[in-house]
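Q: Below are the structure tokens for one structure; questions will follow.
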Amino acid sequence: MSDDTADKSFAWADQWPEISDERVRAAFARVPRVCFIAPDLARFAGQDAPLPIGEGQTISQPFIVALMVQMLRLQPGARVLEIGTGSGYETAILCEMAHLAGQPAGASVYSIERYPSLAGGAAQALAAQGYAPHLRVGDGAAGWPEAAPFDAIIVSAAAAHVPRPLCDQLADGGRMVLPVGEHSDDQELWLVSKSHGRLHFARNGGVRFVPLISPVLDDAAQWAESL
Ligand code: SAH
């Protein structure tokens, strides 16, 4: 890497006492964030902060990505669904975490983005870094039924309720992490886990994400109220 702003990303993990999983720290050390943002913002790549990526969207703060990924407890070969590919940066981290020796990095990673322009940019950046996840343009709140069930689901945009299709597509023993909240200043990170066919919900502190935009959520609202 010629640009020394990228190298600063290696220092993040030292400032994250909450991130105790060495595999998560190693994944962040391997993925150059600078390769997932526009060249004119390259000098900010090493900051632990969100940045604009176009279409009014942002690449998430690395610490929040690390926290969410750590909550998923990903093992090599895990089937992972990401909603909101955005820049593709978090997708690359997931490819590292789920990489099974002998398989292409990303073979078990699925990611959905609603903006074709962002999905196209992410596809290019991921391929350039040697990652080959399955990418789709569409409404992530509907999930990816043909590839389900998933051991882990990570949602990078906030919904007022947990989308039901995502709960249905979570494997038994699986974990889903997502921001939930109607307003940007009133969101919490939720961990949804499934065991013996039952869902468990745990809240993990305040966050701030762009909204998840989907017609599926109207149905989900009625379902969530009945839980
Ligand atoms: N993980 C990404 C986060 C991007 S911001 C990164 O770090 O770059 C969240 C993304 O979710 C945006 O790109 C937005 O377009 C996308 N999004 C919002 N609603 C969506 C939906 N219903 N389906 C798929 N993507 C959605």
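Q: If the requirement is being of a type outside the set (Ser, Thr, Tyr), open to solvent by less than 30 Å² (accessible area, probe 1.4 Å) and more than 10 Å from the chain's Cα centre (by Cα), which of these qualifies: VAL80, VAL109, VAL65?
A: Details: VAL80 fails: more than 10 Å from the chain's Cα centre (by Cα); VAL65 fails: more than 10 Å from the chain's Cα centre (by Cα).
Within the list VAL80, VAL109, VAL65, the selection yields VAL109.
Q: Mind checking whether some residue in region 128-141 is over 22 Å from PRO32 (Cβ atoms), in contact with a Pro (Cβ under 6 Å, 6 or more places away or on another chain) and among the β-branched types (Val, Ile, Thr)?
A: Scanning region 128-141 turns up at least one residue that is over 22 Å from PRO32 (Cβ atoms), in contact with a Pro (Cβ under 6 Å, 6 or more places away or on another chain) and among the β-branched types (Val, Ile, Thr).
Q: Next up: I'd like to check something: does region 116-125 contain any residue that is within 9 Å of the ligand (Cβ to nearest atom) and among the hydroxyl-bearing types (Ser, Thr, Tyr)?
A: First, the residues of region 116-125 that are within 9 Å of the ligand (Cβ to nearest atom): 118-119, 122.
From what's left, among the hydroxyl-bearing types (Ser, Thr, Tyr): none.
No, that holds for no residue.
Q: Also: When you go through SER184, SER214 one by one, which is the residue that is closer than 20 Å to SER87 by Cα, over 15 Å from the mean Cα position of the chain (by Cα) and open to solvent by 10 Å² or more (accessible area, probe 1.4 Å)? Step through it out loud before you land on a result.
A: Details: SER184 fails: closer than 20 Å to SER87 by Cα.
Just a single option satisfies the conditions, and that option is SER214.
Q: Please enumerate the residues belonging to region 83-106 that are touching a Cys at 6+ places or on another chain (Cβ under 6 Å) and open to solvent by less than 10 Å² (accessible area, probe 1.4 Å). First the steps, then the outcome.
A: Step one: filter region 83-106 for residues touching a Cys at 6+ places or on another chain (Cβ under 6 Å), giving 105-106.
Result: GLY106, single match.
Q: Scan region 8-48 for residues that are part of a loop (DSSP other than H, G, I, E, B), among the hydrophobic types (A, V, I, L, M, F, W, C) and open to solvent by less than 30 Å² (accessible area, probe 1.4 Å) and report the count.
A: Here is the first cut: in region 8-48, the residues part of a loop (DSSP other than H, G, I, E, B) are 8, 16-21, 31-32, 37-38, 45-48.
Now restrict to residues that are among the hydrophobic types (A, V, I, L, M, F, W, C): 16, 19, 31, 37-38, 45.
Cutting the leftovers down to open to solvent by less than 30 Å² (accessible area, probe 1.4 Å) gives us 16, 19, 31, 37, 45.
Final tally of qualifying residues: 5.
Q: Restricting attention to region 136-150, which residues are open to solvent by 30 Å² or more (accessible area, probe 1.4 Å) and farther than 30 Å from ASP185 by Cα? Full working, then the answer.
A: Applying the first criterion (open to solvent by 30 Å² or more (accessible area, probe 1.4 Å)) to region 136-150 yields 136-137, 139, 142, 145-146, 148-149.
Matches in region 136-150: PRO145, GLU146, ALA148, PRO149.
Q: Further, regarding this structure: Considering only strands (runs of 3 or more DSSP E) fully contained in region 116-182, which possess at least 1 residues that are without any contact (Cβ under 8 Å) to a residue 40 or more places away in the chain? Quick ask: steps written out before the conclusion?
A: On the way: elements: 134-137, 150-155, 170-180.
Those strands (runs of 3 or more DSSP E) span 134-137, 170-180.
Q: Could you run through region 50-94 and say how many residues are farther than 21 Å from PRO116 by Cβ and assigned to a strand (DSSP E or B)?
A: Matching residues across region 50-94 total 1.
Q: Looking only at region 125-152, count every residue that is within 22 Å of PRO215 (Cβ to Cβ) and acidic (Asp, Glu) and tell me the total.
A: The qualifying residues number 2.
Q: Still on this structure: Mind listing just one residue for me: the one in region 126-146 that is charged (D, E, K, R) and under 28 Å from GLY102 (Cα atoms) and, of those, nearest to the ligand (Cβ to nearest atom)? Write out each step before concluding.
A: The initial filter retains those residues of region 126-146 that are charged (D, E, K, R), namely 136, 139, 146.
Cutting the leftovers down to under 28 Å from GLY102 (Cα atoms) gives us 136, 146.
Numbers: ARG136: 9, GLU146: 16 Å.
Going through the qualifying residues, I end up with ARG136.
Q: Just to be sure before I move on: is GLY77 touching a residue at least 24 places away in the same chain (Cβ under 8 Å), within 13 Å of the ligand (Cβ to nearest atom) and at positive phi in the structure I sent? Lay out the reasoning, then the answer.
A: Numbers: touching a residue at least 24 places away in the same chain (Cβ under 8 Å): yes; within 13 Å of the ligand (Cβ to nearest atom): no; at positive phi: yes.
Here the answer is no, as GLY77 does not meet what is asked.
Q: With LEU67, LEU94 as the choices, which residue is within 11 Å of the ligand (Cβ to nearest atom) and modelled with pLDDT of 95 or more?
A: LEU94
The values are calculated or read from the model by the stated rules, or taken from the named source; none is laboratory data. What you see is a predicted model, and the numbers here were worked out from it, not measured in a lab. FYI the Cβ positions are ideal-geometry reconstructions off the backbone, even for glycines, and counts take in every protein chain you see. The area values use the complete protein model at the heavy-atom level, side chains included, leaving out ligands, DNA and RNA. Shrake-Rupley method; radii C 1.70, N 1.55, O 1.52, S 1.80 Å.
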